[in-house]
1. Within segment 6-18, how many residues turn out to be surrounded by 13 or more Cβ atoms within 10 Å (Cβ to Cβ) and in a strand (DSSP E or B)?
2. Which condition breaks for residue 34 when tested against (1) closer than 19 Å to residue 13 by Cβ; (2) in a loop (DSSP other than H, G, I, E, B); (3) at pLDDT 95 or above?
3. Regarding residue 90, is this residue in a strand (DSSP E or B) and either in contact with a helix residue (DSSP H, G or I) (Cβ under 9 Å, 6 or more places away or on another chain) or away from the ligand (no atom under 13 Å from the Cβ) (or both)?
4. From the list 41, 67, 47, which one is over 19 Å from residue 98 (Cα atoms) and touching a strand residue (DSSP E or B) at 6+ places or on another chain (Cβ under 7 Å)?
5. Has segment 79-89 got any residue that is without any contact (Cβ under 8 Å) to a residue 24 or more places away in the chain and farther than 13 Å from residue 30 by Cα?
6. Go through segment 50-82 and count every residue that is in a loop (DSSP other than H, G, I, E, B), within 10 Å of the ligand (Cβ to nearest atom) and surrounded by fewer than 19 Cβ atoms within 10 Å (Cβ to Cβ).
Ligand code: FES
């Protein structure tokens, strides 16, 4: 499987969650104020809730159901009740701002 183009950085609203499904994998994509693009698993690990329906705050996204915050950089929950991380996916942005994400390439974070 290869990385898939999801759009350009110009098309992403700052600090807004965007849901994409790549090869059947739901992913939430967020561009921060500095223009950095993050991609993490879209399904909350506490319940079957789309994180893209939640709220972006600084470098985290909050699940609307019970309030767990997930780091956009590590995928780790920062607050309970979720305690398992969501996956983090490799994001590539080319010189023209075209974003590609590989749903099979998870980033190892410590
Ligand atoms: S379903 Fe996300 S915190 Fe409960």
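The values are calculated or read from the model by the stated rules, or taken from the named source; none is laboratory data. The structure displayed is predicted, hence computed values, not measured ones. Note: ideal-geometry Cβ built from the backbone for every residue, glycine included; neighbour counts use all protein chains shown.
1. 4
2. So the condition that residue 34 fails would be (3).
3. Yes; evaluated as a whole, the condition is true for this residue.
4. Exactly one of 41, 67, 47 is over 19 Å from residue 98 (Cα atoms) and touching a strand residue (DSSP E or B) at 6+ places or on another chain (Cβ under 7 Å), namely 41.
5. Yes, segment 79-89 has at least one match.
6. Of the residues in segment 50-82, 7 are in a loop (DSSP other than H, G, I, E, B), within 10 Å of the ligand (Cβ to nearest atom) and surrounded by fewer than 19 Cβ atoms within 10 Å (Cβ to Cβ).
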